[in-house]
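Colleague: This is the structure I have questions about; it appears just below.
The values are calculated or read from the model by the stated rules, or taken from the named source; none is laboratory data. Since we're looking at a predicted model, the values are computed, not measured. Glycine also receives a Cβ, built like all others from the backbone with ideal geometry; neighbour counts cover every protein chain displayed.
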Amino acid sequence: MFKKVKCIVISLVLSGLASNAQTTKVTGNISGLKDSQLLFYYYAGDSTKTDTVEVKGGKFTWAAKMPQPEKVMVMLPNRYVEFFAERGKIKITGTADSLDRLKITGSKSQDELDAYNNSLQDLTDQESPLYEKWGKGSKEEQAALEAQLDGLRMQKRARANQYVASHPNSPVSMSVVSERAMIGDYSDVKPIYDKLDNKLRETPEGKRIAERLVVLKRSDLGEPMLDFTQNNPEGQPVKFAQFKGKYVLVDFWASWCGPCRAENPNVLKAYDQYKDKNFTVVGISLDDNGDKWQKAIKDDHMPWTELSDLKGWKNEVATYYGIQAIPCTYLIDPQGKIIATYLRGEALHKKLAELLN
């Protein structure tokens, strides 16, 4: 009996040590940070979790089970900060008036991320002045600006691809692939996902990316557009199949989305220019308030077909395609197949000119 009890005690002690070995403990000391509550967002297995942490005198402590390195988001006053948490002790220090320059120590994965971001800094420095000029010049200047920014984005993407290929076991590589999968194309994400080590792909996050790829495949170029049915503002059902035979810009937007509303005049310009050349627009609103949706249609002078099931982000079509950011557009050819995605600004006009002029 004694030996049995002793074995149980030893087992419990070892179990406790194993549990502690998988725990991350974060201590923060941010000078000037008012007494408040911070929210920590992270994954616990397959589900997301939110922990509330008290701040007193600029100091706080947070602990969680962390079997493998993971990106954690902290909601601070007026902004959020992301960092890599992992087993062990991590410190966050800085000042409340410089929350964008907090120092995070004790996480090797965070050190890797900092080094990776530094390797892109030369490109980021070139982007900043270009964004300051956005929307302030002529049509030609705006087109040149978009081309420059697109070129810089492509360079960043190429460097990211190289990083993943040369660091297949890195949690930073996993993060790069995961973030690309949020709004990327299947043909862009799948090749770098395949570069990840099998052990990473078998982690919960690796499996989430695999599930995301199944969804992204639905909007890959050449795939048929879902033949859905949703109601127009008058409550009448409209079937997407009725637009077959035309080029259709499927525009996911919402009345509450600032960038969407800013892009609407550009879509209207394209519609007016090509509506007599076998082209139309079908808007799919992610609104959940019919009155606000109809007011936005009227205010933005949107004469094309507008549809919605008024379920917000749970819109049937948006959910099917896994859309997580708007505005988002799919260009459909007369055979009903997707031939381009994420067309905005001058890029939309350029593509339509190639097809319809």
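Colleague: Return the only residue of ALA241, ALA254 being hydrophobic (A, V, I, L, M, F, W, C) and surrounded by fewer than 15 Cβ atoms within 10 Å (Cβ to Cβ). Break it down stepwise before answering.
Modeller: Numbers: ALA254 fails: surrounded by fewer than 15 Cβ atoms within 10 Å (Cβ to Cβ).
Within the list ALA241, ALA254, the selection yields ALA241.
Colleague: Any residue at all in the range 270-286 that's modelled with pLDDT of 95 or more, farther than 15 Å from LEU331 by Cβ, out of contact with any helix residue (DSSP H, G or I) (no Cβ under 8 Å at 6 or more places or on another chain) and among the polar types (S, T, N, Q)?
Modeller: no
Colleague: Could you pull out the residue among LYS295, LYS337 that is in contact with an Asp or Glu (Cβ under 9 Å, 6 or more places away or on another chain), more than 30 Å from GLU141 (Cβ to Cβ) and among the charged types (D, E, K, R)? It would help to see each step written out before you state the result.
Modeller: On the way: LYS295 fails: in contact with an Asp or Glu (Cβ under 9 Å, 6 or more places away or on another chain).
LYS337 is the lone residue from the list that is in contact with an Asp or Glu (Cβ under 9 Å, 6 or more places away or on another chain), more than 30 Å from GLU141 (Cβ to Cβ) and among the charged types (D, E, K, R).
Let's see how each residue does on (1) farther than 30 Å from LYS89 by Cβ; (2) of a type outside the set (S, T, N, Q):
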{"residue": "SER119", "(1), (2)": "no, no"}
{"residue": "LEU130", "(1), (2)": "yes, yes"}
{"residue": "GLN142", "(1), (2)": "yes, no"}
{"residue": "LEU145", "(1), (2)": "yes, yes"}
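Colleague: Next up: Being within 26 Å of the chain's Cα centre (by Cα), farther than 24 Å from LYS337 by Cβ and crowded, with 17+ Cβ neighbours inside 10 Å is the filter here; which residues of the range 267-294 pass it?
Modeller: Of the range 267-294, the ones within 26 Å of the chain's Cα centre (by Cα) are 267, 281-289, 292-293.
In the following step, the residues that additionally are farther than 24 Å from LYS337 by Cβ were identified as 287-289, 292-293.
Those that are within 26 Å of the chain's Cα centre (by Cα), farther than 24 Å from LYS337 by Cβ and crowded, with 17+ Cβ neighbours inside 10 Å: ASP287, ASP288, TRP293.
Colleague: Among the strands (runs of 3 or more DSSP E) lying completely within the range 64-158, list those that include at least 1 residues that are within 30 Å of PRO191 (Cβ to Cβ). Please lay out each step first, then the result.
Modeller: Details: elements: 70-76, 79-85, 88-95, 103-105.
It comes to 70-76, 79-85.
Colleague: If the requirement is being assigned to a helix (DSSP H, G or I) and of a type outside the set (S, T, N, Q), which of these qualifies: GLU205, GLU234?
Modeller: Testing whether each residue is assigned to a helix (DSSP H, G or I) and of a type outside the set (S, T, N, Q) leaves just GLU205.
Colleague: Count, please, the residues in the range 312-338 that happen to be more than 12 Å from PRO224 (Cβ to Cβ) and either among the hydrophobic types (A, V, I, L, M, F, W, C) or without any contact (Cβ under 8 Å) to a residue 24 or more places away in the chain (or both).
Modeller: Residues that pass the stated criteria total 10.
Colleague: Among the residues of the range 189-207, which ones are surrounded by 14 or more Cβ atoms within 10 Å (Cβ to Cβ), free of Cβ contacts under 8 Å to residues at least 40 places away in the same chain and not small (Gly, Ala, Ser)? Let's see the steps before the verdict.
Modeller: Here is the first cut: in the range 189-207, the ones surrounded by 14 or more Cβ atoms within 10 Å (Cβ to Cβ) are 189-190, 192-193, 195-197, 200-201, 203-206.
Retained after the next criterion (residues that are free of Cβ contacts under 8 Å to residues at least 40 places away in the same chain): 189-190, 192-193, 195-197, 200-201, 206.
Listed by number, the residues that qualify are VAL189, LYS190, ILE192, TYR193, LYS195, LEU196, ASP197, LEU200, ARG201.
Colleague: Given the condition part of a loop (DSSP other than H, G, I, E, B) and either more than 22 Å from the chain's Cα centre (by Cα) or of a type in the set (A, V, I, L, M, F, W, C) (or both), answer yes or no: does some residue in the range 171-194 qualify?
Modeller: No, because not a single residue in the range 171-194 is part of a loop (DSSP other than H, G, I, E, B) and either more than 22 Å from the chain's Cα centre (by Cα) or of a type in the set (A, V, I, L, M, F, W, C) (or both).
Colleague: Continuing with the same structure: Among what's in the range 318-351 and is assigned to a helix (DSSP H, G or I) and surrounded by 20 or more Cβ atoms within 10 Å (Cβ to Cβ), pick the residue that is farthest from the chain's Cα centre (by Cα). Steps first, please.
Modeller: To start, the set of residues in the range 318-351 that are assigned to a helix (DSSP H, G or I) comprises 318-320, 345-351.
Retained after the next criterion (residues that are surrounded by 20 or more Cβ atoms within 10 Å (Cβ to Cβ)): 318, 348.
Values: ALA318: 14, LEU348: 21 Å.
Restricting to residues being assigned to a helix (DSSP H, G or I) and surrounded by 20 or more Cβ atoms within 10 Å (Cβ to Cβ), the top hit is LEU348.
Colleague: Report yes if some residue within the range 119-132 is surrounded by fewer than 13 Cβ atoms within 10 Å (Cβ to Cβ), in the same structural domain as ARG201 (by TED's automatic domain parsing), among the hydrophobic types (A, V, I, L, M, F, W, C) and out of contact with any strand residue (DSSP E or B) (no Cβ under 8 Å at 6 or more places or on another chain); otherwise report no.
Modeller: No, the range 119-132 has no match at all.
Colleague: Let me ask something else about it. Kindly indicate which of ALA165, ALA158, ALA143 is free of Cβ contacts under 8 Å to residues at least 40 places away in the same chain and surrounded by 13 or more Cβ atoms within 10 Å (Cβ to Cβ).
Modeller: Details: ALA158 fails: surrounded by 13 or more Cβ atoms within 10 Å (Cβ to Cβ); ALA143 fails: free of Cβ contacts under 8 Å to residues at least 40 places away in the same chain.
After applying the criteria, what remains is ALA165.
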